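The values are calculated or read from the model by the stated rules, or taken from the named source; none is laboratory data. Keep in mind that this is a model prediction, so the values were computed, not measured. Cβ placement follows ideal geometry from the backbone for every residue including glycine, while neighbour counts extend to all protein chains displayed. Areas reflect the complete protein model, heavy atoms only, side chains present, ligands, DNA and RNA absent. Shrake-Rupley method; radii C 1.70, N 1.55, O 1.52, S 1.80 Å.
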Amino acid sequence: MLHLKHVLPKISLVATAVAATILVSGCGDDAAPTGTVTLKTAFNQSENNPQYKALVSFSDKLEAATNGRYKLEIHPNELLGDQRASLELVQSGAIQMAVVANPLVENFNKNFSVLAMPYVYDNPEHQRKVFTSGVLDNLFASTKGTGFEVITAYTAGARSVYTKGAAVITPADMQGKKIRVMQSDTMIKMLSCMGGTGVPMGQGEVYSAIQQGVLDGAENNEITYADLKQYEVAPYFSATRHVMVADLLVANESFLAKMDEGDRDLFRKLAKESTQTQFELWDKALDGARQIAKDNGATFTEVDIKPFQERCKPLQSAMLTTPEQKALYEKIRELAE
């Protein structure tokens, strides 16, 4: 079995201790199920997150549909370790499930990188259709043999540009603008193809950097924009939606194999339905975040993304390095039509 430690840095001592505690308590993969089987699920954010709420809904429906045979026990706020450690725990069978960032799974299959390419989706509805259509089923099953399987995908929102001075409507409006991006070569290249200059910087520095004129703006989703009050220094939010991030719900491979076939089919069906629920919850959270920003002077502008997509096609081509990636990209794009 290929373990995460073979492709990533050594798992933290904290995660190792967590795994030992779980196994000693008799809740690990080898524990004999009696009565309700509790699926320990790691989550790195708070109970207010739409993903957490979707997991709660999934648990309620799974417990009802299986007459109490299965339910989730969700541990938020990185109580079972960070996402990298959580994935290792799922692989080992110490816990059954976790929500992890798409780049972690890219370490097992580079084709997952297509899910996070710039402008691969036209809008959130397009992303929802991709995540729920079944077009990703073969990709999700490709991690079998590594100790885990991807069950479904959740959205982490669309990243857009927000600036001071004026809204961004076209690539020409990005000319000369210094925009904060995550510390990623791909993100820097993406801002360049959009017409601006990407400046990698820690999130904690962004507000003051815009305020002091070091930056002209930043890019992120509306919820982060509102939570960090960055509308105070960059009041023009332009819906460029250049990247739509995916988080993945993963489950232990051995646990899935041991499930009764009927229960396993229900599990997969309800997990996929939880994706639709999570998109709806995310939309509601977005509405609230936008309203908070508007109440504090922010202006939201819809943008025709096609000129940006055209400019970023060379970057997309450079990122599609295998026939499998190219085929997956085409399937995703077909769902935009």
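Some notes on this structure:
- When the residues K110, K294 are ordered by accessible surface, computed with a 1.4 Å probe over the protein chains alone, the sequence from largest down reads K110, K294.
- Rolling a 1.4 Å probe over the protein chains gives T321 an accessible area of about 100 Å².
- Rounded to the nearest 5, the antiparallel percentage of DSSP beta bridges internal to the chain is 55%.
- The coefficient of translational diffusion for the stretch 64-165, derived via Stokes-Einstein from the alpha carbon Kirkwood radius under 4 °C and 1.567 mPa s, stands at 82 µm²/s.
- Dipole magnitude for the chain: about 540 debye, using +1 per Lys or Arg Cβ and -1 per Asp or Glu Cβ, origin at the Cα centre.
- Relative contact order, percent, the stretch 198-321 [alpha-carbon distance under 8 Å, six or more residues apart]: 42
- Mean separation of Cα contacts under 8 Å (6+ apart) over length of the chain, as relative contact order %: 24
- Heavy-atom accessible surface of the stretch 69-117: percent carbon and sulfur, 1.4 Å: 45
- In terms of its C-alpha gyration tensor, the stretch 156-287 has a prolate overall shape, because the principal axis ratio a/c (a ≥ b ≥ c, square roots of the eigenvalues) is not below 1.5 and a/b outweighs b/c.
- Peptide packing for 92-100, 270-278 was compared via the average number of neighbouring C-beta atoms within 10 Å per residue; ordered from the highest value, the list is 92-100, 270-278.
- Mean accessible surface per residue for the chain, computed with a 1.4 Å probe while every protein chain stays in place, in Å²: 43
- Taken over the alpha carbons of the stretch 237-337 as equal point scatterers, the Debye sum produces base-10 log I(q)/I(0) values at 0.18, 0.21, 0.22 Å⁻¹ of -1.12, -1.20, -1.23.
- For the stretch 147-164, Karplus couplings with θ = phi - 60° (6.51, -1.76, 1.60), whole Hz, Gly/Pro x: x, 8, 9, 7, 9, 6, 10, 10, 7, 10, x, 9, 8, 10, 8, 10, 9, 9
- For the stretch 253-337, the carbon plus sulfur part of the accessible surface works out to 50%, probe radius 1.4 Å.
- In the stretch 190-236, the portion of solvent-accessible area held by carbon and sulfur atoms comes to 46 percent [1.4 Å probe, whole percent, DNA, RNA and ligands not counted].
- For S184, solvent-accessible area (1.4 Å; no DNA, RNA or ligand), Å²: 40
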